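Notes follow the structure.
The values are calculated or read from the model by the stated rules, or taken from the named source; none is laboratory data. Being a predicted model, the structure only gives us computed values, none of them experimental. Reconstructed Cβ throughout: ideal geometry from the backbone, glycine too, with neighbour counts over all protein chains shown. The area values use the complete protein model at the heavy-atom level, side chains included, leaving out ligands, DNA and RNA. Shrake-Rupley method; radii C 1.70, N 1.55, O 1.52, S 1.80 Å.
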Amino acid sequence: MKRIPMALAILMAAASLDAQQPAAPAPANDPVRALVSRLDLEKYKATIKGLTAFGDRRQGTTRNRQAVDWIEAQLKSYGCANVERIVYEYKTPPPRTGGAPQQRPADPNAIPTAQGGGRPRGVRARTGVNNDPMKQPDEKLRALNTEPATDGERQEVYCTKVGATHPDEMYIIGAHMDGHGWGEAANDNGSGTALVMELARVFSSPDVVTDRSIRFALWNNEETGLNGARAYVEQRAALQGKEDPPGSGRYPEPRWLGMIQHDMMMFDHGMPRADGTLSPEQRPEADVNIEFQLTSKFVAGAKELAWALHAANETYATDYPANVGPHMTNTDSTAFMDVVPSVSLRENERGIHTGNGWNPHWHQPTDVFSTFSDKDFRLGLNAAQTTLAGVAQLTNARLK
Ligand SMILES: [Zn+2]
């Protein structure tokens, strides 16, 4: 290797600092930058903290219903118009019968694939859902999480920023508010829920105008199989773009332009070590993973949406980059992906990272607020900056 003279090394270091400037500098008085600056770490953390007051917010419990009420009250306090609820029934499916799943013959040449289609590599650590209350050492939290789920009616809440010139078209920004595992569901998915609520707050400010509408949705029953998001699609897909009443200029269900889901936003500490443990620190290479699904019907539009968010991250996110991948899976956007271009934002790729044990707190009693550092919270904030900026650009957001 060639030795680099000291003076040149200093010049190169200065040049690499310059290279950290945004790829496409925003114009002066840029409204998108002004909107992004209305997000802040303390507000984001405070909203997550508020959600953790309801424990794991497991679907079908009083603590889950109280969390829905609390979210609704916050959305109203932000001035988000038309806070509404989806009502549906949830019944636990009967346990699978028929013995052990079929064993496929082992093919030594087969390339292993993760859920969503990616190829898992490297060290894999154990994953699963904790169902043991005694693994929660905090007695108060254990008591809060004790009521079991009961089948029956479910509700989930959403509100809408109505577009000034195209109120008949909208982007849907979502996150699931339910959790499980005997913790506080702080990361899965207080982190995504708070992100969506923070965006609702910023876009609902009376001095913000957008051409197109934006809906902020907090799904229930994700952990049981995306049931809340599926109920929304079933009940509302057919209502898209219909003016009601005719001539009113009102569109109860604007036509869907894209769906952007947020699920587990904060923890990117890298691959497990050979002994299965994880680094206690956010890795410096941490990123926001934007995923679309290659097999989805609207893959072309989903790709475009993913890269629009990626570009928004390059210009507006303060600390962490974004990466785009083709294996979106196991979250509410799956329920939308064959109806509208859909993407998810996460701390890791769901199939090959999360599924390989990159987050030891996933569905565990340690998924509590106090587990996470400001470096973790800041990754979630950067995802919020990414979606806020991307959607602001897509809807032509501006200040009055
Ligand atoms: Zn989740």
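Considering only residues that are of a type outside the set (S, T, N, Q) and within 16 Å of the ligand (Cβ to nearest atom), which ones fall in the range 198-238? Walk me through how you get there before you give the answer.
Here is the first cut: in the range 198-238, the ones of a type outside the set (S, T, N, Q) are 198-203, 206-209, 211-212, 214-219, 222-223, 225-226, 228-234, 236-238.
Those that are of a type outside the set (S, T, N, Q) and within 16 Å of the ligand (Cβ to nearest atom): Ala217, Leu218, Trp219, Glu222, Glu223, Gly225, Leu226, Gly228, Ala229, Arg230.
Met197 is checked against (1) in contact with a strand residue (DSSP E or B) (Cβ under 7 Å, 6 or more places away or on another chain); (2) buried (at least 24 other Cβ atoms within 10 Å of the Cβ) and fails just one. What number does that condition carry?
Condition not satisfied by Met197: (1).
Among the residues of the range 259-290, count how many are within 18 Å of Ala229 (Cα to Cα) and of a type in the set (D, E, K, R). Walk me through it before giving the result.
First, the residues of the range 259-290 that are within 18 Å of Ala229 (Cα to Cα): 259-264.
From what is left, the residues that are of a type in the set (D, E, K, R) are 263.
Final tally of qualifying residues: 1.
With the requirement that a residue be more than 25 Å from the chain's Cα centre (by Cα), over 28 Å from Gly351 (Cβ atoms) and either assigned to a loop (DSSP other than H, G, I, E, B) or acidic (Asp, Glu) (or both), what does the range 127-147 give you?
Of everything in the range 127-147, those that are more than 25 Å from the chain's Cα centre (by Cα), over 28 Å from Gly351 (Cβ atoms) and either assigned to a loop (DSSP other than H, G, I, E, B) or acidic (Asp, Glu) (or both) turn out to be Gln136, Pro137, Asp138, Glu139, Thr146, Glu147.
So which residues in the range 336-360 are in contact with a strand residue (DSSP E or B) (Cβ under 9 Å, 6 or more places away or on another chain), within 16 Å of the ligand (Cβ to nearest atom) and not polar (S, T, N, Q)?
Taking the range 336-360 as the starting set, the residues that turn out to be in contact with a strand residue (DSSP E or B) (Cβ under 9 Å, 6 or more places away or on another chain) are 336-337, 339-354.
Still in the list and also within 16 Å of the ligand (Cβ to nearest atom): 336, 342-351, 353-354.
Selection gives Phe336, Val343, Leu345, Arg346, Glu347, Glu349, Arg350, Gly351, His353.
If Ser333 satisfies every condition in (1) over 18 Å from Glu281 (Cβ atoms); (2) surrounded by 23 or more Cβ atoms within 10 Å (Cβ to Cβ); (3) away from the ligand (no atom under 16 Å from the Cβ) but one, which is the exception?
Of (1) over 18 Å from Glu281 (Cβ atoms); (2) surrounded by 23 or more Cβ atoms within 10 Å (Cβ to Cβ); (3) away from the ligand (no atom under 16 Å from the Cβ), only one is false for Ser333: (3).
Residues in the range 232-239: is at least one within 21 Å of the chain's Cα centre (by Cα) and open to solvent by less than 60 Å² (accessible area, probe 1.4 Å)? Walk me through it before giving the result.
First, pick out the residues of the range 232-239 that are within 21 Å of the chain's Cα centre (by Cα): 232-233.
Subset that is open to solvent by less than 60 Å² (accessible area, probe 1.4 Å): 232-233.
Yes: the range 232-239 contains one or more residues that are within 21 Å of the chain's Cα centre (by Cα) and open to solvent by less than 60 Å² (accessible area, probe 1.4 Å).
Taking the stated definitions as given, is Lys297 outside any loop (DSSP other than H, G, I, E, B), among the basic types (Lys, Arg) and either at pLDDT below 95 or open to solvent by 30 Å² or more (accessible area, probe 1.4 Å) (or both)? Walk me through it before giving the result.
On the way: outside any loop (DSSP other than H, G, I, E, B): no; among the basic types (Lys, Arg): yes; either at pLDDT below 95 or open to solvent by 30 Å² or more (accessible area, probe 1.4 Å) (or both): yes.
No, not satisfied.
Inspect the range 152-161 for any residue being in contact with a His (Cβ under 8 Å, 6 or more places away or on another chain), part of a strand (DSSP E or B) and among the hydrophobic types (A, V, I, L, M, F, W, C) and give the result as yes or no. Before the answer, list the steps.
At the first step, the residues of the range 152-161 found to be in contact with a His (Cβ under 8 Å, 6 or more places away or on another chain) are none.
Taking every residue of the range 152-161 in turn, none turns out to be in contact with a His (Cβ under 8 Å, 6 or more places away or on another chain), part of a strand (DSSP E or B) and among the hydrophobic types (A, V, I, L, M, F, W, C).
Of the conditions (1) open to solvent by less than 80 Å² (accessible area, probe 1.4 Å); (2) of a type in the set (Lys, Arg); (3) in contact with a Gly (Cβ under 8 Å, 6 or more places away or on another chain); (4) farther than 30 Å from Gly241 by Cα, Arg124 clears all except one; give me its number.
Condition not satisfied by Arg124: (1).
Just checking, which of Leu381, Leu388 is under 12 Å from the mean Cα position of the chain (by Cα) and either open to solvent by less than 10 Å² (accessible area, probe 1.4 Å) or at pLDDT 95 or above (or both)?
Values: Leu388 fails: under 12 Å from the mean Cα position of the chain (by Cα).
Just a single option satisfies the conditions, and that option is Leu381.
Scan the range 174-192 and tell me whether some residue there is away from the ligand (no atom under 16 Å from the Cβ), crowded, with 24+ Cβ neighbours inside 10 Å and within 30 Å of Trp362 (Cβ to Cβ).
Going residue by residue through the range 174-192, those that are away from the ligand (no atom under 16 Å from the Cβ) are none.
Checked the range 174-192: no residue is away from the ligand (no atom under 16 Å from the Cβ), crowded, with 24+ Cβ neighbours inside 10 Å and within 30 Å of Trp362 (Cβ to Cβ).
Quick check: anything in the range 274-288 within 16 Å of the ligand (Cβ to nearest atom) and either open to solvent by 30 Å² or more (accessible area, probe 1.4 Å) or under 19 Å from the mean Cα position of the chain (by Cα) (or both)?
Initial filter on the range 274-288 (within 16 Å of the ligand (Cβ to nearest atom)): 288.
Remaining after also requiring either open to solvent by 30 Å² or more (accessible area, probe 1.4 Å) or under 19 Å from the mean Cα position of the chain (by Cα) (or both): 288.
Within the range 274-288 (the criterion being within 16 Å of the ligand (Cβ to nearest atom) and either open to solvent by 30 Å² or more (accessible area, probe 1.4 Å) or under 19 Å from the mean Cα position of the chain (by Cα) (or both)), the answer is yes, since at least one residue qualifies.
Restricting to the range 55-65, give me the number of residues that are more than 21 Å from the chain's Cα centre (by Cα) and assigned to a helix (DSSP H, G or I).
Residues of the range 55-65 more than 21 Å from the chain's Cα centre (by Cα): 60-63.
Those left that are additionally assigned to a helix (DSSP H, G or I): 62-63.
Counting residues in the range 55-65 that are more than 21 Å from the chain's Cα centre (by Cα) and assigned to a helix (DSSP H, G or I) gives 2.
Out of (1) of a type outside the set (Gly, Ala, Ser); (2) within 17 Å of the chain's Cα centre (by Cα); (3) open to solvent by 10 Å² or more (accessible area, probe 1.4 Å), what's the single condition that is false for Glu291?
(3)
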